[in-house]
Every structure is written in C-alpha cells, then in structure tokens.
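The values are calculated or read from the model by the stated rules, or taken from the named source; none is laboratory data. Predicted, not measured: the structure shown is a model, and the values here were computed from it. Because the Cβ atoms are built from the backbone with ideal geometry, glycine has one as well, and the counts that use them run over all protein chains shown. Side chains included, ligands, DNA and RNA excluded: accessible areas come from the protein's heavy atoms. Shrake-Rupley method; radii C 1.70, N 1.55, O 1.52, S 1.80 Å.
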Amino acid sequence: MSDYRQILKQYWGYDSFRSIQYDIIESIGSGHDTLGLMPTGGGKSVTFQVPALAKEGVCIVITPLIALMKDQVHHLRQLGIQAEAIYSGLQHDTILRILENSILGNTKLLYISPERLSSQLFQKKLSHMRVSFITVDEAHCISQWGYDFRPSYLEIATIRHLLPNVPVLALTATATPRVITDICEKLTLNSHCEATLSKRGLSLRSHTPQERTLNSFRVFKMSFERKNLAYMVRNALNKDFELIHTLDGQPGSAIVYVRSRRHAREIAQHLTDAGLSATFYHAGLESAEKDQRQRDWQHDRVRIMVATNAFGMGIDKSDVRTVIHYDCPDSLEAYFQEAGRAGRDGQPAKAILLYNNSDHAKLMKRIDDTYPPRDYIRDVYEHLAYYYQIATGDGYGVSHEFNIDEFCHRFHHYPIRVHSALLILQRAGYIDYDAEADNQARLRFLVGREDLYRLDRVTPDEDRVIIALLRNYGGLFADYGYIDESFVAQQAGLSQPQTYDVLKALSQRRLISFIPRKQVPYIRYLQRREDKEHIQLPRQIYEDRLKQYRQRIEAVLRYAQSDDKCRSRQLLEYFGETGAKDCHQCDICLADEGRLVTKEGQKEARQKILDLLADRQQHHITELLRLHIPTEELDAALRYLVQEEYVLHDGGVIEKG
C-alpha cells in the first residue's frame, strides 16, 4: 500500500486513493486478472498508471481512442513518466523506434489501438518485451452484447495466448450484468470456461464497492450513482427553442450531443446566431481542426460544444455543467456515458434529454435501418458483385474502394441501410468493410536538402510550408512520409486551402511528390462470391443482435416516456444496481415533491404568454425567452396552452388560438 500511495503522491499529488481504486491496483499488482467497473469520472486511469510505475516492464494499454492516447501520453510525459502511443498514421520508422524502446525498457506505458494488435511487426516485437500487465480500456467493446461492440477487440484474445502469464486489467464505465459476464469470458485464457454470474450464484447488484470472482477475473464494482448529477427529460415541442432557453439560463461549460455531422454544424450555427458561444465537432474534421476546437472548449474560449458521439471519450474537463442530448441516443449505455461527462468536479450539474413525440418514430426507424431484412442484405451483396463485376466463385482476397453514394444511386438504395447491411455481411464473414478508411496525405522531397536551400523563385507561402515540413517531419528526403495537411497549415500560419494549393504547386514544379489525403471506404472479399440465395446469416449474427438492439431502443423509450420513477434509479437498475434511493433532483422527483412546477408559477407563465400574443400577430417562439420564465414552468405552460388550443404552434411560429 505504501509504495502505491507514494507513487500517487509523487506524480499526482494525492494523499489517498478514491473508492475502489486501491482494490483494483492491489489486485492487478498481485498478478490477478481484474475487471474494474467505474463510472465516467471515477478515476480509471490511475488504476493502471500507478501499478505500471510500481512493476518492472512495460504496461500495454489497449484503447480505441486516439485522442485519449495522445492526451494521456502528453500528461504522463509532463509528469516525467515514459509513455508512448502507436496508432494509424505514424511512420514505420517511428513505430519501430517506439517498439525497440519498449523492448529496451525505456517505456513504462505503451498505448496501442486494437487494430494494431494483429500487426506481424507488433506481435514479433511483443515477444521480446517484458510486459508487466495488459490494460483493456473501454472493455465493453469486446462484448457482442454491448452497445459498442468492435470486432478488432477480439484480437486481444490472441495477445493473451502470446503472453499467457501476463495478467489483464479490463476497465469500463458502462456494462450490464450480461456484458460483465461476456467481457470476462472473452478475456479468460480458458476459452472453454462457461461460467456465468448465475451459475456461480454471484450478484453485482450492490451499490457499494465489492469484489466478486468470475472465471479467472476478480471483479470490482463501484456504484454508478452520481449524486451531484441531476438527470432531466424535457418534453420539447420545439427543440431549438428549448435548447437556447436551457443554455441561456444554465451558466458554465456545456456539451450538446446530436446524431449527424450536418446536424452538429447546423445546431452550432443556430446557437451562435442566438448570441451563444458555440462550435461543433465530428469525426470528419481534420485532426488539427479537431484539436484546436477541443482546446478552445477545454480552455473556455468557447462555452458550448455541439458534437456527435465522436467527442468526449477521454476528455479531461471536470467543470462541464450541462450535457444536453438534442437527439435521442440508441442505448442507455451511450446516454449514461455521455451524460456522465457533466459534473466530474463533484459540483451540481445537469444531464438533459430533449424528447418529443417524433422521437418515438425516429428511434423505431433506427431498428429497421440498423438491421434491415435478410432479403435486403442479400440484395446488397448481389448488387455489390454487379458493382465490381465479380463472377460467382471469384473475388476472394481482392480489395476495392467503395463509393457508397455512387453505389446507392446506381442500385436505388439508401446509404444508412447499405452501411448496416455491409456491417452485417462483415460479421457473417463474407467481406471486410472498412467504413472509416482514411489514407493520410503522403509526401516526399524530390530534390536534396542542399538543392532545396539553394532554390530561387520560392514564394513566401511556399517557403513557410517547406520550413513547416522540415521542422516537423523527418525522413522525407529518403522515402514517402505521412503528413497532416491541417497541422502543416497551422505551423505555416496559412489556411488549409492555401496550404493544399502550395503543396500542389510544389508538386507541379517537381520539388516534391505529393499524394493528397483520401478518405474512402474499402471492401475486401473474405470468401469467393456466392449466389445470394446461399448467403447465410446465422442467428447469433442477425436475430440475436436485432433482438438486443430492439431491447436497447425500447429501454431508451421507457426512460424518456416514464413519469413515475426517479431517473437516477431507472439508470442504476438498468446497470444491475437495486435498492438505490430517489435522487430528489431529477424532473420526476422534483415534480413529485411539487418543486418543479408550482400551480402559481404555471398560471403566471400562461398569462405572460397570452399577454405576448394578445396582439393576435404571429410571433417566433424564441420571443418567449424575453419573458424570463423558469424553464420547467415555461414548458408546462406552453404545453397546456397548445393542448387546450389557446395557442397555435407551427414549427417556430406561435399565435393566439
């Protein structure tokens, strides 16, 4: 205990561990396979970083989040801790250097994405490393019953067999009892072990820290209860108005989650037009632009981040006061994890879900879009063969670029359903579908360094770009290297289009060879092409997962539509915690206690709305903001007036009925 506490004090400045942190550290430090269940903000990183420093060798940290890798490696290095990360886009020489340093004992924590585990280079070098233990972050991704299953996580089982005597620490913030069982079974060396929670008579249904044994794993569970976080569902006739009204009246940093990239951009503009400080974030942005927007938000230069679910994982900002879901998530696991990014400093915060009648239809449609009918999936497979002109029995092992828009136009499909059909065909083993393939820009100098320095007729912009390349990238005179165009632009003090034009101009002058970034999906046939009638979609690939997905959607709908049980209790019971008490701060608890909307307050709010509309003119709904009515009272008053037809509401316009 004293060694671990000394390390904690030396590097992080804390005198003691929180909750179950020490239990997890002691377990993995003693060589036991360990599963830690801790809510967002529970301090997961300490549970592997502290024992990694205490033990000999390198700790392998497997995580799908490149942003988290970079962020944690940066912070660890600032603390004087040797840490490295391997992810897509790094040059071969850089990867080789990192792996060699890990073999030589110059690295304490090596972060790696799950996709890199199958690399022959990594596996070869791994056999020469002294590995202290393996950490699997976001461990729910290994479970087919989890909300965020990722096939690449199954490669972890291969690494376990390569390192049979090395213990594993699995960590997650969201796991139902069934997912907990599946995580342990997938990561246990004895793949024939059929143990389950019920067979062993175990229960993780306590809201106190505890240890249980499942397969070879010691399981430690921290309560998922967040006493400072008030969960709210707001029935919003007009979500845009409700969003502005809520953010205008709720100070502090905020995140607004939406479903699509287009929606993120539109909502951010809508908030900006309303005078609020907002920007947006999604996976399609250039990495330098993502980093800049994230920094602006983290350092409070921007108050509100409108984002898809690509944002937030591993983001260490403790003072987020509000998380709003504009669009409904498709699982309570996703909602709980995203909502949990509010109030990590322990101060009061709110997690608000905006909901109206149209959301029910949208959520039900997602079921059909995510798991289209079997015949539709077979049609997509057949049309794919027509698209690439692959005859029956041919195509094995061949990769093709996939332009989903062109494919859908030619065969009259919709992109969302095609994407889902291809994912199902991938799980069934027919194709490998890489929807996020991102070929970074590559560059090589075609003239020597000395010749480059003697160049004349170089414009000031060209000079800035050349200097940025030389300062930030090595080996470009010997071979092609990956570059980040947005980062080069930032370093050169130019816009991205200006930098792209400069690189093209230098390429035309034969000073460099420049291959621009290309983001396009790939499809590779894993079997010879079959006739569509022979395509088999096993029950565990289709029916079982469809059933599980439908159950998750229905759980979200129950949560959004319920009005008779504390929101916090609903979420805790979903994750297997029974016996929790009412939170006394969610919308249901406040309504039951008469503190959410008083009769007098609602009556006064109705009158103010009717006074505004007394001129019998049409008014934009945002004009109600000027009335300075508390959010809950305004919601209730407006809903009553519309239902009783005192007020007519059409889109963003209201008028007296």
Please go through segment 1-51 and give me each residue that is in a helix (DSSP H, G or I), without any contact (Cβ under 8 Å) to a residue 24 or more places away in the chain and polar (S, T, N, Q), ordered by number. 2, 6, 10
Return yes when residue 224 is buried (at least 18 other Cβ atoms within 10 Å of the Cβ) and assigned to a loop (DSSP other than H, G, I, E, B) and no when it is not. yes
Those residues of segment 139-152 which are buried (at least 22 other Cβ atoms within 10 Å of the Cβ) and either part of a helix (DSSP H, G or I) or at pLDDT 90 or above (or both) amount to 139, 140, 141, 142
Residue count for segment 331-347, restricted to those that are of a type outside the set (Gly, Ala, Ser) and within 12 Å of residue 257 (Cβ to Cβ): 4
Any residue in segment 607-626 that is more than 26 Å from residue 270 (Cα to Cα) sitting within a Cβ distance under 9 Å of a residue that is open to solvent by less than 80 Å² (accessible area, probe 1.4 Å) and in a helix (DSSP H, G or I)? List the pairs, counting only those 6 or more apart or interchain. 607/637; 610/641; 611/627
Failed condition for residue 398, given (1) out of contact with any Asp or Glu (no Cβ under 8 Å at 6 or more places or on another chain); (2) at pLDDT 95 or above, with all others met? (2)
Given the residues 340, 346, which is the only one that is surrounded by fewer than 16 Cβ atoms within 10 Å (Cβ to Cβ), farther than 30 Å from residue 433 by Cα and not hydrophobic (A, V, I, L, M, F, W, C)? 346
Could you say which residue among 407, 402 is crowded, with 16+ Cβ neighbours inside 10 Å, touching a Pro at 6+ places or on another chain (Cβ under 7 Å) and in contact (Cβ under 8 Å) with a residue 12 or more places away in the chain? 402
Can you pull out the residues in segment 292-319 that are in contact (Cβ under 8 Å) with a residue 24 or more places away in the chain, outside any loop (DSSP other than H, G, I, E, B) and surrounded by fewer than 21 Cβ atoms within 10 Å (Cβ to Cβ)? 292
Taking the condition open to solvent by less than 20 Å² (accessible area, probe 1.4 Å) and either more than 20 Å from residue 68 (Cα to Cα) or not in a loop (DSSP other than H, G, I, E, B) (or both), does residue 266 pass? no
Is there a residue in segment 63-75 that is more than 26 Å from residue 22 (Cα to Cα), touching a strand residue (DSSP E or B) at 6+ places or on another chain (Cβ under 9 Å) and either without any contact (Cβ under 8 Å) to a residue 60 or more places away in the chain or not in a helix (DSSP H, G or I) (or both)? yes
Give the residue that is farthest from the chain's Cα centre (by Cα), with candidates limited to residues of segment 517-536 that are of a type in the set (D, E, K, R), assigned to a loop (DSSP other than H, G, I, E, B) and at pLDDT 85 or above. 531
Here are some residues: 603, 581. Which one is basic (Lys, Arg), over 28 Å from residue 327 (Cβ atoms), in a loop (DSSP other than H, G, I, E, B) and free of Cβ contacts under 8 Å to residues at least 60 places away in the same chain? 581
Quick one: count up the residues across segment 55-92 that are within 25 Å of residue 13 (Cα to Cα) and surrounded by 16 or more Cβ atoms within 10 Å (Cβ to Cβ). 19
Has segment 365-377 got any residue that is open to solvent by less than 30 Å² (accessible area, probe 1.4 Å), under 30 Å from residue 569 (Cα atoms) and part of a helix (DSSP H, G or I)? yes
Hey, does segment 565-586 have a residue that's modelled with pLDDT under 90, open to solvent by less than 30 Å² (accessible area, probe 1.4 Å), farther than 25 Å from residue 435 by Cα and among the aliphatic types (A, V, I, L, M)? yes
Conditions (1) in contact (Cβ under 8 Å) with a residue 24 or more places away in the chain; (2) of a type outside the set (S, T, N, Q); (3) in contact with a Lys or Arg (Cβ under 8 Å, 6 or more places away or on another chain); number of the one not met by residue 630: (3)
State yes or no: is residue 159 part of a helix (DSSP H, G or I), open to solvent by less than 10 Å² (accessible area, probe 1.4 Å) and closer than 22 Å to residue 432 by Cα? yes
For residue 596, which of the numbered conditions (1) at pLDDT 80 or above; (2) open to solvent by less than 40 Å² (accessible area, probe 1.4 Å) fails to hold? (1)
Of 264, 268, 278, 288, the only residue that is at pLDDT below 85, within 25 Å of the chain's Cα centre (by Cα) and among the hydrophobic types (A, V, I, L, M, F, W, C) is 288
So, in segment 483-528, exactly how many residues are surrounded by fewer than 20 Cβ atoms within 10 Å (Cβ to Cβ) and within 30 Å of residue 396 (Cα to Cα)? 12
Of everything in segment 93-138 that's farther than 26 Å from residue 40 by Cβ, small (Gly, Ala, Ser) and part of a loop (DSSP other than H, G, I, E, B), which residue is least open to solvent (accessible area, probe 1.4 Å)? 119
Where a residue in segment 152-178 is in contact (Cβ under 8 Å) with a residue 24 or more places away in the chain and its partner, wherever it lies, is of a type in the set (Gly, Ala, Ser) and surrounded by fewer than 18 Cβ atoms within 10 Å (Cβ to Cβ), with Cβ under 6 Å and at least six apart: 155/118; 167/31
Is it true that some residue in segment 233-254 is open to solvent by less than 50 Å² (accessible area, probe 1.4 Å), within 18 Å of the chain's Cα centre (by Cα) and not aromatic (Phe, Trp, Tyr)? yes
Quick check on my filter: what residues within segment 185-209 are open to solvent by less than 20 Å² (accessible area, probe 1.4 Å) and either modelled with pLDDT of 55 or more or of a type in the set (S, T, N, Q) (or both)? 187, 188
For the subset of segment 77-100 comprising residues that are more than 20 Å from residue 487 (Cβ to Cβ) and among the polar types (S, T, N, Q), which member is modelled with the highest pLDDT? 82
